[in-house]
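**Student:** Can you read through this structure? Questions will come right after.
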Amino acid sequence: MQPTVRAAGSLAPGLGSEINPAVDAPAWWPTALPAPDITAAVLVGMVLLAAVAVVLIVRVVVPVGVRVVRLLRRGWRRVTPESTFGKVMFIFAVLLVVVTAPTMLTLVDSKGAMRDVAGGAGMIAEMDGDAVDFSAEMASSGGATVPETDLPRPSPDRDGDRLLDGWERAGETPDGVPLPNASVGRKDLYVQVLYGRGVDPLDASERATLEEIWARMPVENPDGSTGISIHVVDERRLDEEVSTYEPDGEMIRSRYDADHLRGGECVYYQTTFGEITHPNLGGRGALAGYVSMVDGTETTVHGGRTARVAFLTHELLHNTAGAVDGRPHTEEGWLAPTYDGSNARLSGATADELESGFAIGAYEERRICGNE
């Protein structure tokens, strides 16, 4: 006998054979046929709909189509030259315009004027030039530039997140700066967020997305886990509106002080959510530093995440990874100079930099952290 399957408490036709055994009935499999009167009503309705469709096609669609074809033929005769050569040249010109239109739009739109028209497709942020190297600024003012790799690292710091193991075991620094849920064997990233007046704070969905992004990064930890634990530990509303066309270094680091951090210098990374009016810039951050500024008004969703969450991730990677292969940006991934929602991944070179430990520049090491 052919095997059968049972669905919703009644017998359903067998879904197998002697060669292919029966399988479980899918959720949509009917348990019984409808009543004859319902079946008849459905068939009559389908016939009536088909008849209406035929009438519409014959009486409306066909006549309109004939008129459109006639209009197109008349228009063609009016706009094209009479000679065959003229018609060929006209067609060539139309094709040339169609082929070159994207390039022309790109040239005209070099300042991002068409970004809103794109409705989220294509580039939404140009991050090239968003990394500020404070160590280079210090050198230009008479100081010395020291490569990140030549700077001494705190010790003991098993996971390389620049937080001493003793601090992480205690859950706070000796000065009482909280380090909730810290791990000695897994990298932790503690972030303070300052909100300019009028900027909405991160909501629960954005927080969850941010945590997921960093937890899924392919960064190996000493305890065998993969990823980085990000903690938004402190959020504050500023008493001022933060708005600028293009934030400079002084603007983004001006709030990294004792009044805002309360002992968290060189412990917490800090970002300011304000308004950046530059059409192609979503943020700016310190290269191998502790500070950044992000356009907190950019809450459009691309690739399942708000733009400001993506911008914050990009800037925090500038802070923690520093220069990757000697450059602030990578060819692909989160640290690519453009973000369009599709490059939400960490490049192998960036992962290697993070696995070796969070970076720090000479300016931060000497001027902020006080290790002259």
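**Student:** Tally the residues that are closer than 21 Å to ASP200 by Cα, among the charged types (D, E, K, R) and in contact with a helix residue (DSSP H, G or I) (Cβ under 9 Å, 6 or more places away or on another chain), restricting the search to region 252-284.
**Tutor:** Result for region 252-284: 2.
**Student:** Quick one: would you say PRO218 is surrounded by 13 or more Cβ atoms within 10 Å (Cβ to Cβ), in a loop (DSSP other than H, G, I, E, B) and in contact with a Ser or Thr (Cβ under 8 Å, 6 or more places away or on another chain)?
**Tutor:** The answer is yes for PRO218.
**Student:** Can you give me the number of residues within region 284-316 that are within 13 Å of the chain's Cα centre (by Cα), open to solvent by less than 10 Å² (accessible area, probe 1.4 Å) and small (Gly, Ala, Ser)?
**Tutor:** Total meeting the criteria: 2.
**Student:** Restricting attention to region 339-371, which residues are open to solvent by 60 Å² or more (accessible area, probe 1.4 Å), charged (D, E, K, R) and under 20 Å from VAL291 (Cα atoms)?
**Tutor:** Scanning region 339-371 gives ARG366, ARG367.
**Student:** Among (1) under 22 Å from PHE273 (Cβ atoms); (2) more than 22 Å from the chain's Cα centre (by Cα), there is one condition ASN181 misses while meeting the rest; what is its number?
**Tutor:** Checking ASN181 against (1) under 22 Å from PHE273 (Cβ atoms); (2) more than 22 Å from the chain's Cα centre (by Cα), the one that fails is (1).
**Student:** Same structure, new question: So which residues in region 257-274 are assigned to a loop (DSSP other than H, G, I, E, B) and at pLDDT 90 or above, if there are any at all?
**Tutor:** GLY264, GLU265, CYS266, VAL267, TYR268
**Student:** When you look at ARG78, is it open to solvent by 80 Å² or more (accessible area, probe 1.4 Å), out of contact with any Lys or Arg (no Cβ under 8 Å at 6 or more places or on another chain) and at pLDDT below 80, yes or no?
**Tutor:** The answer is yes for ARG78.
**Student:** What are the pairs with Cβ atoms under 6 angstrom where one residue, in region 238-251, is surrounded by 16 or more Cβ atoms within 10 Å (Cβ to Cβ) and the other, located anywhere, is assigned to a loop (DSSP other than H, G, I, E, B)? Sequence gap at least six, or different chains.
**Tutor:** LEU238/GLY196; VAL242/GLY196
**Student:** Would you mind finding the one in ASN343, ASN280, ASN319 that is among the polar types (S, T, N, Q) and in contact (Cβ under 8 Å) with a residue 60 or more places away in the chain?
**Tutor:** The match here is ASN280.
**Student:** In region 191-200, what count of residues is obtained for those that are surrounded by 14 or more Cβ atoms within 10 Å (Cβ to Cβ) and assigned to a loop (DSSP other than H, G, I, E, B)?
**Tutor:** 2
The values are calculated or read from the model by the stated rules, or taken from the named source; none is laboratory data. Keep in mind that this is a model prediction, so the values were computed, not measured. Cβ atoms come from the backbone with ideal geometry, glycine included; neighbour counts cover every protein chain shown. The accessibility values were calculated without ligands, DNA or RNA, using every heavy atom of the protein model including side chains. Shrake-Rupley method; radii C 1.70, N 1.55, O 1.52, S 1.80 Å.
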